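Structure first, then comments.
The values are calculated or read from the model by the stated rules, or taken from the named source; none is laboratory data. Because the structure is predicted, anything quoted here is derived from the model rather than measured. Cβ: placed from backbone, ideal geometry, glycine included. Neighbour counts: every protein chain shown. Quick note on the areas: whole protein, heavy atoms, side chains included, nothing else; ligands and nucleic acids left out. Shrake-Rupley method; radii C 1.70, N 1.55, O 1.52, S 1.80 Å.
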Amino acid sequence: MTPTLRVCALYPDLMNIYADRGNLLMLERRCAWRGLGFELTAAGLGAGVDPAAHDLFYLGGGQDRDQRLCALDLVETKRDALHAAAADGKLVLGVCGGYQLLGHGYALADETIPGLGLVDVETIRSQGPRLIGNVAIEVELDDGTRGVLAGFENHAGRTVLGDGAQPLGRVLKGHGNTGTSGVEGVRRGGVIGTYLHGPLLPKNAWFADWLIRRALGAAELAALDDTLENAAHAEARRAAGA
Ligand code: GLN
């Protein structure tokens, strides 16, 4: 049977700022080019999620308003399933607004949007300037894989890691989680959060492949001609100044 990457996109219509949906296209293309199967399920407001039916759960970025809608729905209809998926070693990838919702909550001026509590982070909306610009981080993943991720960030939220929480990477250029902490994102097993848009995966093909490998439990993937992908990565790093 052809190995098939089964992705569940959470709120793809609401949480899709800066073309974050392009991350899904990147996964789909890199599977197709290798003759691997790809299955995409969308789970919108009110929809339940089957933790066993997917290998990777994906939540993109969004405006505070859309994030609020999704957060309430996440907590009500999807929290238990996503905790079960994470406990089972499934991948959960959150980008920007999606990253913030993986944590305990997102505190706005007059209310706190609840989070999934999959990772020990807390986000506070700052009255200070939005953290905007090109960004590059140096990443080390839990299997020892290392690499640089480059992208673009634009967030008002400052995300603070809990005591034992591991960042996704060290900031080479850009703001990262708070603008001052020197770290970016979070990772706990297969649960990964990052502020990097771009979208993230087309600019960082190595990380897309890491996700596919990990999700399929594959030791290796067939090599692809990554001339364009490498050029996109180099350009994103150049833009960040790293
Ligand atoms: N609304 C969130 C913030 O401003 C996330 C923004 C985003 O996803 N780019 O912090």
(request) Take residue 176 and decide whether it is of a type in the set (Gly, Ala, Ser) and part of a loop (DSSP other than H, G, I, E, B). (result) yes
(request) Kindly list the number of the only condition in (1) open to solvent by 40 Å² or more (accessible area, probe 1.4 Å); (2) in a strand (DSSP E or B); (3) of a type outside the set (A, V, I, L, M, F, W, C) that fails for residue 159. (result) (1)
(message) Give me the residue from segment 69-106 that is in contact with an Asp or Glu (Cβ under 8 Å, 6 or more places away or on another chain) and in a helix (DSSP H, G or I) and, out of that set, surrounded by the most Cβ atoms within 10 Å (Cβ to Cβ).
(response) 97
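Of all residues being of a type outside the set (A, V, I, L, M, F, W, C) and in a loop (DSSP other than H, G, I, E, B) in segment 194-218, which is farthest from the ligand (Cβ to nearest atom)? Just the residue, please. Walk me through it before giving the result.
Step one: filter segment 194-218 for residues of a type outside the set (A, V, I, L, M, F, W, C), giving 194-195, 197-199, 202-204, 209, 213-214, 217.
Those left that are additionally in a loop (DSSP other than H, G, I, E, B): 195, 198-199, 204, 217.
Details: 195: 8, 198: 12, 199: 12, 204: 17, 217: 30 Å.
Only one residue fits best here, namely 217.
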(message) Which numbered condition in (1) within 16 Å of the ligand (Cβ to nearest atom); (2) modelled with pLDDT of 95 or more is the only one that residue 48 fails?
(response) (1)
(request) Only residues that are under 16 Å from the mean Cα position of the chain (by Cα) and of a type in the set (Ser, Thr, Tyr): list them for segment 77-108, please. (result) 99
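Take segment 4-30 and flag every residue that is open to solvent by 70 Å² or more (accessible area, probe 1.4 Å) and either of a type in the set (Asp, Glu) or in contact with a Leu (Cβ under 7 Å, 6 or more places away or on another chain) (or both). Full working, then the answer.
The first filter runs over segment 4-30 and keeps only residues open to solvent by 70 Å² or more (accessible area, probe 1.4 Å), leaving 13, 18, 21, 25, 29.
13 - this is the single residue of segment 4-30 that is open to solvent by 70 Å² or more (accessible area, probe 1.4 Å) and either of a type in the set (Asp, Glu) or in contact with a Leu (Cβ under 7 Å, 6 or more places away or on another chain) (or both).
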(request) Can you work out which of the residues in segment 6-43 that are of a type outside the set (D, E, K, R), part of a loop (DSSP other than H, G, I, E, B) and in contact with a strand residue (DSSP E or B) (Cβ under 8 Å, 6 or more places away or on another chain) is farthest from residue 73 (Cα to Cα)? (result) 36
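Can you name the residue in segment 51-68 that is more than 14 Å from the ligand (Cβ to nearest atom) and assigned to a helix (DSSP H, G or I) and, of all such residues, is surrounded by the most Cβ atoms within 10 Å (Cβ to Cβ)? Reasoning before the result, please.
In the first step, residues of segment 51-68 are kept if they are more than 14 Å from the ligand (Cβ to nearest atom); the result is 51-57.
Cutting the leftovers down to assigned to a helix (DSSP H, G or I) gives us 51-53.
Working: 51: 18, 52: 11, 53: 12.
Across segment 51-68, the extreme among qualifying residues is 51.
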(request) Check 208, 215 and return the single one that is open to solvent by 10 Å² or more (accessible area, probe 1.4 Å), within 20 Å of residue 55 (Cα to Cα) and at pLDDT 95 or above. (result) 215
(message) Tally up the residues in segment 156-193 that are in contact with a strand residue (DSSP E or B) (Cβ under 6 Å, 6 or more places away or on another chain) and either at positive phi or within 12 Å of the ligand (Cβ to nearest atom) (or both), please.
(response) 13
(message) Looking at segment 107-124 only, could you name the residues that are open to solvent by 80 Å² or more (accessible area, probe 1.4 Å), touching a residue at least 24 places away in the same chain (Cβ under 8 Å) and either assigned to a loop (DSSP other than H, G, I, E, B) or within 11 Å of the ligand (Cβ to nearest atom) (or both)?
(response) 124
